[in-house]
Amino acid sequence: MARLLTIYAHPVAGPVAAGVPLGYIDLGFGSRPVEVVRAELADWSAQAVGGVFFDQVPTSPFSIGPVAMAVRAARRLGFDTVLINPGRPTDSLYRGLGATVCTFEGDWIDYQEGTPDGVRPGDGHVIHGVPADRTDACLDLMRGRGAAWGVATTAGCLVPTLVSV
């Protein structure tokens, strides 16, 4: 089943600045069949989405092949915005794919403590369980840490709202 993420972007975020949604594709840590991922990309390319969010991305240099294929296929279909989410720092090879890499995924309590080594300015951050009254503080913290984009879910929320910071 296709999932849609809506992103509310900072003005410099390109085509998603107007709140254009992103298509969601789970890469299953590189285990999903190439044909299935390509078919999902083709489905998303026929819809009004501004890009794609690849989730469950592997981190090993030995698993980069399926991720590189997915990113190239997305670019060939005309997607300008491509986000990959391994959820933690990856091998440096992933930075050469031409996609924004999410290098932090965790809960609000952990995020307040800091980010791990390997997180760089321009990366993405996914924060779960943000109290509704702390959303602005979370976004400010993302900006302060140099995040290019972020996902912040409120406590009890199962579907995140993707926001560029």
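The values are calculated or read from the model by the stated rules, or taken from the named source; none is laboratory data. Model, not experiment: these values are computed from the prediction. Virtual Cβ from ideal backbone geometry, glycine too; neighbours counted across all protein chains shown.
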Revision key, fill the gap. Expected single match for charged (D, E, K, R), over 14 Å from the mean Cα position of the chain (by Cα) and within 26 Å of Ala42 (Cα to Cα) among Arg134, Arg120, Arg75, Arg95 is Arg75
Review point. Give me the pairs: first residue in segment 26-55 and in contact (Cβ under 8 Å) with a residue 60 or more places away in the chain, second residue assigned to a strand (DSSP E or B), beta-carbon distance under 8 Å, and six or more apart or on different chains, which are they?
Key: Phe53/Leu5; Phe53/Leu22; Phe53/Gly23; Phe53/Tyr24; Phe53/Ile25; Phe53/Leu83; Phe53/Asn85; Phe53/Leu162
Exercise for review: Return yes or no: is Ala2 modelled with pLDDT under 85 and closer than 21 Å to Trp149 by Cβ?
Suggested key: yes
Point to revise | Subset of segment 42-57 that is out of contact with any Pro (no Cβ under 6 Å at 6 or more places or on another chain) and either buried (at least 21 other Cβ atoms within 10 Å of the Cβ) or acidic (Asp, Glu) (or both) - its residue that is farthest from Gly87 (Cα to Cα) | key: Asp43
Study note, to complete from the structure: Filter segment 70-124 for residues that are among the polar types (S, T, N, Q) and over 21 Å from Pro33 (Cβ atoms); the one that is modelled with the highest pLDDT is Gln112
Check your understanding: Which residue, of Val16, Val12, is closer than 22 Å to Gly122 by Cβ, modelled with pLDDT under 90 and in a helix (DSSP H, G or I)?
Key -> Val16
Review point. Applying the selection to segment 61-88, what residues are closer than 14 Å to Ser31 by Cα, out of contact with any Ser or Thr (no Cβ under 8 Å at 6 or more places or on another chain) and in a loop (DSSP other than H, G, I, E, B)?
Key: none
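For (1) in contact with a Cys (Cβ under 6 Å, 6 or more places away or on another chain); (2) touching a residue at least 12 places away in the same chain (Cβ under 8 Å); (3) under 16 Å from Phe54 (Cβ atoms); (4) crowded, with 21+ Cβ neighbours inside 10 Å, each residue gets a yes or a no:
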residue	(1), (2), (3), (4)
Leu83	no, yes, yes, yes
His128	no, yes, no, no
Arg143	no, yes, no, no
Ala147	no, yes, no, yes
